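Following: one structure in structure tokens, then a few remarks.
The values are calculated or read from the model by the stated rules, or taken from the named source; none is laboratory data. Worth saying up front: this structure is predicted, and the values here are computed from it rather than measured. We place every Cβ from the backbone using ideal geometry, glycine too, and count neighbours over all the protein chains shown.
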Amino acid sequence: MSLLKRLSENQQVSTTSTSQIQAPPKNTEEKKVQEPSFKVKLQKSLVDEIQKQNDELTEDETKQLIQNVAISFFEKEGERLTFEAKQEIINSVTNELIGYGPITPLLNDPDVSEIMVNGPNQVYVEKKGQLVMTNSYFRSNEHVLQVIEKIVAPLGRRIDESSPMVDARLPDGSRVNAIIPPLALNGPSITIRKFPTNRLEIRNLIGFGTLGEEMAKFLEGSVKARLNIFISGGTGSGKTTLLNILSAFIPFDERIITIEDAAELQLSQDHVVSLETKPPNIEGKGEITIRDLVRNSLRMRPDRVVIGEVRSAEALDMLQAMNTGHDGSLATGHSNSPRDMLARIETMVLMAGVDLPVRAIREQISGAIDLIVQQSRLKDGSRKITHISEVIGMEGETVVLQDLFVFKQTGLTPDGKIVGKFVSTGIRPSCTEKLERYGIDVPAEWFREE
């Protein structure tokens, strides 16, 4: 979208009546009356200025233009405003033009891991695992919609009454979900899951207390030995982050195909082909699903298939791929425990509409998946790998799981932080032989019961 078009749209939205504007934080009554009017006038001045020159400006040139026009504008009309109020108006206009409106400072805050816009008047963030309400606000529902459009338009996606939900991503890879009325009763809602600007490594997770050192070494060896690993966990538990970190152990001489709804994975290897689903067009046609991409990926000569999230009928194609020579596949799914994840995969296979006996499905699962890694977000906001479980086959009609490592909670600190330790169950995994064939040492002390 051109700068001139954005300026014009922002100016239209800014004319919203003051009854639609949420009162900003305390002690800003004067600003509440003056700010919208000054923003409209400043944006009009910018429109007039931009019409005089080339519309294609870089981000730095845009910032400089705003500063120059603002200085001239406030010399004429800003006598009643303090320096802080002027700077706040300039920052706000800058965020509208080259950022994402009121949430731009939150996106730039490294301590914020998630942003939740619940309509124009309520913006929450997650900081260090805790939800906090901010002082940020939008002028109106239309203002929120404008930010959503700015996010989804470059991706070729749309959101309107006929398609009121959308998944997207920001240029830095942050995951975005938006939903608008009539489905969202409180007004347009945006949920943004940010990812660390610096790529995390397994040693970072050890430092955060997400897993133990032996667990990390075992997972590294399991990826290198081409075990099929399924990462299970709830919303916000860190599944995608862990998937990114584990994918770093895939050798650089292998061809990797990633499949996602909205591309989030940031693999460090050179030979990576990233596939992304496509929503239906305005006529309801042209949709490309995860299942379609999984099928197609098998014709692309993959050494590894990495699926961002398995949530439906694609589970059947994933199991078939794992069972037909595509070892070393990685995937994630939503579940509360490793055993629940097996039941969910079984249910998702049935969603494919194929009339398979339950035993046949369970045999496919037991033959395909080697490890289930359970990641959980605990009540104190910390994220931990609570189970590493091995799938060892069938016993009668049941898929047999055995826990290799677990997290045991031992208490709580006075400030509510969970205290515990990662321990081995004392069971030596049956996949040890496969790891050793790949030259990976598996010391017996890793699995010594404590």
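Points to keep in mind about this one:
- Residue match in region 205-224 (condition: in a loop (DSSP other than H, G, I, E, B), more than 30 Å from VAL419 (Cα to Cα), not assigned by the TED database to the domain that holds GLY173 and not polar (S, T, N, Q)): no
- Looking across region 169-183, the residues that are modelled with pLDDT of 90 or more and surrounded by fewer than 18 Cβ atoms within 10 Å (Cβ to Cβ) come down to ASN177, ILE179, PRO181, PRO182, LEU183.
- The number of residues in region 247-294 that are surrounded by fewer than 20 Cβ atoms within 10 Å (Cβ to Cβ) and part of a helix (DSSP H, G or I) comes to 1.
- Members of region 225-241 that are in a helix (DSSP H, G or I) and either without any contact (Cβ under 8 Å) to a residue 40 or more places away in the chain or within 23 Å of PRO429 (Cβ to Cβ) (or both): LYS239
- Of everything in region 217-236 that is surrounded by fewer than 23 Cβ atoms within 10 Å (Cβ to Cβ) and not hydrophobic (A, V, I, L, M, F, W, C), the residue that is farthest from ALA368 (Cα to Cα) is GLY236.
- Taking (1) under 16 Å from VAL310 (Cα atoms); (2) crowded, with 19+ Cβ neighbours inside 10 Å in turn, LEU211 satisfies each apart from (1).
- Residue list for region 374-399, filter: modelled with pLDDT of 95 or more and surrounded by fewer than 17 Cβ atoms within 10 Å (Cβ to Cβ): none
- Some residue of region 104-116 being more than 30 Å from SER382 (Cα to Cα) and β-branched (Val, Ile, Thr): no
- Against the numbered list (1) touching a His at 6+ places or on another chain (Cβ under 8 Å); (2) modelled with pLDDT under 95, SER237 comes up short only at (1).
- The residues on offer are GLU142, GLU126, GLU149, GLU114, and the sole one that is farther than 25 Å from ILE71 by Cα, outside the structural domain of GLY236 (by the TED database) and free of Cβ contacts under 8 Å to residues at least 24 places away in the same chain is GLU149.
- Taking region 311-327 as the range and being in contact (Cβ under 8 Å) with a residue 60 or more places away in the chain and over 19 Å from LEU401 (Cα atoms) as the test, only ASP327 passes.
- Single residue of PRO102, PRO110, PRO120 found to be surrounded by fewer than 20 Cβ atoms within 10 Å (Cβ to Cβ) and either outside any helix (DSSP H, G or I) or at pLDDT 75 or above (or both): PRO110
- The numbered conditions (1) buried (at least 16 other Cβ atoms within 10 Å of the Cβ); (2) farther than 30 Å from GLN130 by Cα are all true for VAL406 except (2).
- Looking only at region 437-449, and only at residues there that are of a type outside the set (Ser, Thr, Tyr) and closer than 13 Å to GLU220 by Cα, the one that is surrounded by the most Cβ atoms within 10 Å (Cβ to Cβ): VAL442
- Apart from one condition, GLU201 fits all of (1) surrounded by fewer than 22 Cβ atoms within 10 Å (Cβ to Cβ); (2) in contact (Cβ under 8 Å) with a residue 40 or more places away in the chain; (3) out of contact with any helix residue (DSSP H, G or I) (no Cβ under 6 Å at 6 or more places or on another chain); (4) more than 22 Å from VAL306 (Cα to Cα); the exception is (4).
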